[in-house]
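Trainee: To start, I am sharing the structure in question, which I have written as structure tokens.
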Amino acid sequence: MAVGVNPFPTRTTCKYGPTNMCQTGHKNRPLVISKLMWMPFDERFDDILKNIDYHIFIIHQEFQVVKYEYEAIERANASEERRIALEHRRLEEQDMLNQTITRIETWLQPPDFKTSF
């Protein structure tokens, strides 16, 4: 135990009157217990409950912002995927058209008779 520290808390007085703090800095336990017993739960913790409700509201608002940002990104990604799919389909159609034209040209092109006979 430290030298010069009173192990038994006592009431102290300040310029405003007696305080509820002992010399070691702890509150007077019987006084705190009596205050807890006489105050209803809602009244005692109303500020804390309001603070919790406020933070729940803030978290909900932040969640909504993140959700909207995510949906915007998803819409942009879907738009890009549609553009890529359309481009791919256009290239396939162009390739099929080129193949068809090549087959028709080879079918219509008569053989060179001089070289064949």
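Values quoted throughout were computed directly from the atomic coordinates according to the rules given, and no laboratory measurement underlies them. Not measured: the values here are computed from a predicted model. Counting neighbours? That spans all protein chains shown, and the Cβs are built from the backbone with ideal geometry, glycine included.
Trainee: May I ask which residue of Asn51, His88, Ser34 lies farthest towards the positive end of the charge dipole of segment 26-105, with charges of +1 (Lys, Arg) and -1 (Asp, Glu) on Cβ and the Cα centre as origin?
Mentor: Ser34
Trainee: Modelled label-to-label distance, Ile56 and Ile84, 7 Å Cα→beta-carbon offset: nm?
Mentor: The answer from the label model is 4.3 nm.
Trainee: In addition: Local charge sum around Asn77 (other residues, Cβ-Cβ under 13 Å, Lys/Arg +1, Asp/Glu -1)?
Mentor: Residues close to Asn77 contribute a combined charge of -2.
Trainee: So, counting K/R as plus one and D/E as minus one, what does the shell of residues with Cβ under 15 Å around Thr100 add up to?
Mentor: -3
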